[in-house]
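Below: one structure, written as structure tokens.
Every number here is computed from the coordinates shown, using simple stated rules; none is lab data. The structure presented is a predicted model; accordingly, all values stated were derived computationally and were not measured. Here the Cβ positions follow ideal geometry from the backbone for every residue, glycine too, while neighbour counts run over all protein chains shown.
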Amino acid sequence: MKRVLAIILGGGAGTRLYPLTKLRAKPAVPLAGKYRLIDIPVSNCINSEISKIYVLTQFNSASLNRHLSRTYNFSSFSEGFVEVLAAQQTVENPSWFQGTADAVRQYLWLFREWDIDEYLILSGDHLYRMNYAEFIERHRDTKADITLSVVPIDEKRASSFGLMKIDDNGRIVDFSEKPKGEALKQMQVDTTVLGLTPEEAQKSPYIASMGIYVFNKKVMADLLEYSPEQTDFGKEIIPSAANKYNLQAFLFQDYWEDIGTIESFYEANLALTQQPLPPFSFYDEKAPIYTRSRYLPPTKLLDCHVTESMIGEGCIIKQCHINHSVLGIRSLIETNCIIEDTLIMGADYYEPFLERQENLQHGKIPVGIGKNSIIRRAIVDKNARIGSNVQIINKDRVEEANREEQGFFIRSGIVVILKNAVITDNTVI
């Protein structure tokens, strides 16, 4: 795997995850109480013994850069690195990244300097665990020019994805973007060719791209240079290469979730609390998910009732009822609160006890959640200051709302409290 260079696409402005991306790049969005989205592909690379990793981004990259530089430090005796490449304007490229392929094209001069055989193109907003070594071995065994990682899907979900058709050797021969009706039927394939049993193949007769690719070094350079008008890998570059190049499919059969929307992000986080087996587990010792070491104290629970929840380190929680929720690092929850079906991202810092007391005396709201508050079906971003007797329950069952000046949005019926927001005492949302 020393002959592989990984390129993680950090995405654009992250509009589907807004307002979580208001002050940070999409890959820097907190996940599961203590991680960030970028930790998933980087950890998969490290566990697959791929240590040369670039992350391409152009929006709000400061916190992402800080996280990566503090987290991933390889030995000076190795070539390993994790480095952010932000969009930049040059004489040759005066514009920002125009798409996934354009982002790679603008830094092709840098990637070429490495003596490698393949580029591994990854996405920064998926939740999954994969051994990329198996993916790359499939690419080499089939003598492919490009290999796409695909997931088998059933007919019900198939029309929501970009689908592919393969021949009897697993070579990709056709693409169709979110087909319907008869066009959808035409995209059925025999997935036993990729390793499914006949029973599994009957249930999932379609294959969809995960947005994860392996390119031979020269092939990617040729495709990007000879088609400068094409800016996206999945929609333009790869479909147009199907006739000229050997495109192969690699079947991935484990858990994979695109968490690029508020609803999917919320559901994926809360699914981690399931017992006995959540769909994705952070408790795999052989393939751990890495993140920044913070050396926080243990969480302190004072007379609390906690069910089906995950709680990060460094929290102080007093006489509360917490159910089916994820609480991030340094969360502070005062007495008699009810937290249900909620993701609380925690805080970046502690307020000293005397400062908190002084704030309360002067009518200011400290970081955390105040006494007697109720929060249901919500996402509370970092450093939020929520007062006492607050109810965040979406009482009017609103599906979509923009209340940025009041410190919150509603997306798919989920209330999202902004980072650093202040919600005053007795507020009802």
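Largest first, the extents of the alpha carbon coordinates of segment 52-153 on the three principal axes equal 39, 33, 33 Å.
Note down the net charge around residue 379, summing +1 for each Lys or Arg and -1 for each Asp or Glu among other residues with Cβ under 12 Å from its Cβ.
On the way: positive: 376, 377, 382, 411, 419; negative: 263, 267, 341, 381.
After counting each charged neighbour, the total is +1.
Net charge around residue 351, counting only other residues with Cβ within less than 14 Å of its Cβ (Lys, Arg = +1; Asp, Glu = -1)? That works out to +1. Take every Cα pair under 8 Å whose residues are at least 6 apart in sequence, average their separation, divide by the length of segment 11-133, and the relative contact order is 31 percent.
Find out how many positive minus negative residues lie around residue 342, taking Lys and Arg as positive, Asp and Glu as negative, among other residues whose Cβ is under 9 Å from that of residue 342. Don't jump to the answer; show the numbers that get you there.
Numbers: positive: 376, 377; negative: 340, 341.
Around residue 342, the charge tally is 0.
When the Cα positions of 123, 321, 223 are compared along the charge dipole of the chain, 321 comes out farthest toward the positive end, with charges on each C-beta of Lys, Arg, Asp and Glu.
Counting only residues at least eight positions apart within a chain, or on another chain, the lysines with an alpha carbon under 20 Å from that of residue 165 are 143, 156, 178, 180, 185, 203, 235, 244.
Hey, got the dipole for the chain? About the Cα centre, +1 on K and R Cβ, -1 on D and E Cβ, debye to the nearest 20?
Details: 47 positive and 54 negative charges, 205 e Å.
It comes to approximately 980 debye.
One equal scatterer on each Cα of segment 1-71, no solvent, Debye formula: the resulting log10 I(q)/I(0) at q = 0.16, 0.20, 0.27 Å⁻¹ is -0.55, -0.82, -1.28. Net length available on complete extension from residue 323 to residue 306 is 5.5 nm, with 0.36 nm assigned per residue and the Cα-Cα distance removed. The charge dipole of segment 100-205, taken about the Cα centre with unit charges on the Cβ atoms of Lys, Arg (+1) and Asp, Glu (-1), comes to about 340 debye, rounded to the nearest 20.
Compute, for segment 233-379, the length of the dipole vector about the Cα centre, with Cβ point charges of +1 (Lys, Arg) and -1 (Asp, Glu) only. Units Debye, rounded to 20.
Working: 13 positive and 18 negative charges, 54 e Å.
Rounded to the nearest 20 debye, it is 260 debye.
In terms of overall dimensions, segment 225-277 has a Cα radius of gyration and Dmax of 17.7, 52 angstrom. Projecting the Cα atoms of 420, 114, 100 onto the charge dipole of the chain, computed from C-beta unit charges around the Cα centre, puts 420 farthest toward the positive end.
Can you give the relative contact order of the chain as a percent, counting alpha carbon pairs under 8 Å and 6+ residues apart? Numbers along the way, then the final one.
Working: 964 pairs, mean separation 58.3, N = 429.
Relative contact order comes out at 14 percent.
Pairwise inverse Cα distances across the chain, averaged and inverted, put the Kirkwood hydrodynamic radius at 23.2 Å.
Take the Cα radius of gyration of segment 272-429 and divide it by 2.2 N^0.38 Å, N being the number of residues; the result is 1.05. A dipole drawn for the chain from +1 and -1 charges on Cβ atoms has a positive end, and of 239, 33, 15 the residue lying farthest that way is 33.
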